[in-house]
Amino acid sequence: MWLGRANTGGDAEVWVPDVKVLATGDTVVSPIPFAFGSYMSEWPDVLQKMMDLHPTVIVPGHGPVMHDDSYMRTLQAICREIVAEVRASDANHATVEELRKKLKLDEYMTQLYGDNKRKKSEFLGTFVEPGLDRALQEAKGQLKPEGMDE
């Protein structure tokens, strides 16, 4: 099924209702999600639709099988924080670097990665920074097609 744009415009999920198994594709990737070409303001809504199915088994696009939605809730909250920070800024004059310095994600990163500095760094480089860039593009009304961020 297609629940909307999240990691990409063509994310597809597979739902097996009789056994409550959800395969998320790259909408959910663990332990390090990525946000290149993503739709940051829409992603939380897609995650909510997935959680509203009340799956008992969640098969992410990458990473271990999950048995509750706690990771999805954290990912949803981070997406919302990124979008909120961009919306609170002057998008026409803000840079990704400036926004990243203002963004407060330490609690989430500790929750996800503990004291692992490598994973935190990877998370910043593959999710937060490209997510901020995509949210800025959206705020400016200049969202580039997927794969055209370079």
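What follows draws every value from the coordinates through simple rules; no lab data is involved. Here the structure is a predicted model, which means the values were calculated and not measured. Neighbour counts are summed over all protein chains in view; Cβ atoms, including those assigned to glycine, are modelled from backbone coordinates with ideal geometry.
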Checklist outcome for this item: Those residues of region 67-93 which are over 29 Å from LYS144 (Cβ atoms) and free of Cβ contacts under 8 Å to residues at least 12 places away in the same chain amount to HIS67, ASP68, SER70
Item to check | Residue identified as basic (Lys, Arg), within 17 Å of ASP133 (Cα to Cα) and out of contact with any Cys (no Cβ under 9 Å at 6 or more places or on another chain) among ARG73, ARG80 | outcome: ARG80
Checklist entry - If we scan region 70-84, do we find a residue that is of a type in the set (D, E, K, R), under 17 Å from the mean Cα position of the chain (by Cα) and more than 19 Å from ALA6 (Cβ to Cβ)? => result no
Checklist entry - Can THR110 be described as in contact with a His (Cβ under 7 Å, 6 or more places away or on another chain) and over 19 Å from TRP2 (Cα atoms)? => result no
Next on the checklist: I need the full set of residues from region 120-150 which are of a type in the set (D, E, K, R), touching a residue at least 12 places away in the same chain (Cβ under 8 Å) and either in contact with a His (Cβ under 9 Å, 6 or more places away or on another chain) or part of a helix (DSSP H, G or I) (or both), in order please.
Outcome noted: GLU122, GLU129, ASP133, ARG134, GLU138
Item to check | Residue selected from region 17-62 under the condition among the polar types (S, T, N, Q) and either closer than 23 Å to GLY125 by Cβ or outside any helix (DSSP H, G or I) (or both), by the criterion farthest from the chain's Cα centre (by Cα) | outcome: THR56
Checklist entry - When only residues in region 67-119 that are assigned to a helix (DSSP H, G or I) and touching a strand residue (DSSP E or B) at 6+ places or on another chain (Cβ under 8 Å) count, which is surrounded by the fewest Cβ atoms within 10 Å (Cβ to Cβ)? => result TYR71
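Tell me yes or no: at least one residue of region 44-66 is of a type outside the set (Asp, Glu), free of Cβ contacts under 8 Å to residues at least 12 places away in the same chain and surrounded by fewer than 17 Cβ atoms within 10 Å (Cβ to Cβ).
Yes, region 44-66 contains a residue that is of a type outside the set (Asp, Glu), free of Cβ contacts under 8 Å to residues at least 12 places away in the same chain and surrounded by fewer than 17 Cβ atoms within 10 Å (Cβ to Cβ).
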